[in-house]
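One structure below.
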Amino acid sequence: MPEPGKNRDRRRKLNATSYVVLGMLSYSAATSYDLKQWVSGTVGNFWAFAHSQLYDEPARLVADGLISETVEETGRRRRTYEILPAGREALRDWLAGRTEDAVEVRDIGLLKLFFASFGEHDDLVRLARDRHASHRQRADDYTAQREELVEYADRWQLKTIELGIRYERCVEQFWADFLAELEAEQS
């Protein structure tokens, strides 16, 4: 394991996955499998990335001197990762930094809507129905998840899911309005 702080001046630029790993390890030591499980039920709701990154990134963070690794002596030889003081400092620096990047929306429904003039009207109606139902279901799922979390999640985790609910309800309403518009055109 590198000496803490040794690579600090030449550390690679950390990415969002780096901060997800550092943030999750701030709660508790974990294996990559643990990280995958935790992320899928939390930040994975609003920050999509390949779960394979949660298996690759810890090794890079070990090399950067931000987390430590303990390997089981026998059995599956699982690797358990724990955040180091330098990792906590990197996470705090990131949290303190400005956040001015534009929001990136990757919604297949919007992409299809953009090119809808090349399709059929019935396809557009089906798209609006599907997206309306999808966003309604997601908002309902977030609402249920919030009820499960309210007893033990911290204030900021609850605010995150609240924004998710509001976002999904807003987009659900867009598709409901658009669907009504399309159905009125057919009358």
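Just checking the listed ones, Asp122, Asp64, Asp101: in the Gaussian network model of the chain with Cα springs under 10 Å, the one fluctuating most is Asp101.
Simple rule: put +1 on each Lys or Arg Cβ and -1 on each Asp or Glu Cβ in the chain, find the dipole, and look at Gly44, Thr80, Gln145; the Cα lying farthest toward the positive end is Thr80.
To the nearest ten degrees, helix 16-27 and the longest principal axis of the Cα atoms of the chain are 60 degrees apart. Over all Cα atoms in segment 48-152, the spread is summed up by Rg and Dmax: 21.7, 62 Å. Taking a ≥ b ≥ c as the square roots of the Cα gyration tensor eigenvalues, with a/c under 1.5 meaning rounded and otherwise prolate when a/b beats b/c, else oblate, which class fits segment 1-111? In terms of gyration-tensor shape, oblate.
What residues of segment 101-117 lie in the reach of a label at Leu163, counting those whose backbone N is under 14 Å from a point 7 Å from the Cα along Cα→Cβ? Under 14 Å, as judged by backbone N against the label point of Leu163, lie 101-105 of segment 101-117.
For the chain, the longest principal axis of the C-alpha atoms and the axis of helix 155-186 are separated by about 20°. Considering only Thr80, Thr70, Thr17, the mean-square fluctuation computed in a Gaussian network model of the chain, springs between alpha carbons under 10 angstrom, is largest for Thr70.
Stretched out straight at 0.36 nm per residue, the stretch from Glu69 to Arg92 would grow longer than its current Cα-Cα span by 6.2 nm.
Across segment 90-187, the convex hull enclosing all Cα atoms gives 121 Å³ per residue.
Among the listed values (1) 1.28; (2) 1.10; (3) 1.06, the one matching Rg/Rh (Cα atoms, Kirkwood Rh) as calculated from this structure is (2). When the chain is treated as a GNM with alpha-carbon contacts under 10 Å, the residue of Leu14, Leu22, Leu113 showing the greatest mean-square fluctuation is Leu113.
For the chain, the fraction of 1.4 Å probe accessible surface lying on carbon and sulfur atoms is 52 percent. Counting Cα-Cα pairs of segment 35-79 in 10 Å increments starting at 0 gives whole-percent bin shares of 24, 43, 30, 3.
The values are calculated or read from the model by the stated rules, or taken from the named source; none is laboratory data. A quick note: this is a predicted structure, and the numbers were derived from the prediction, not measured. Don't worry about glycine lacking a Cβ; one is built from the backbone with ideal geometry, like all the others, and counts go over all protein chains shown. Only protein heavy atoms, including side chains, enter the accessible area calculation; ligands, DNA and RNA are left aside. Shrake-Rupley method; radii C 1.70, N 1.55, O 1.52, S 1.80 Å.
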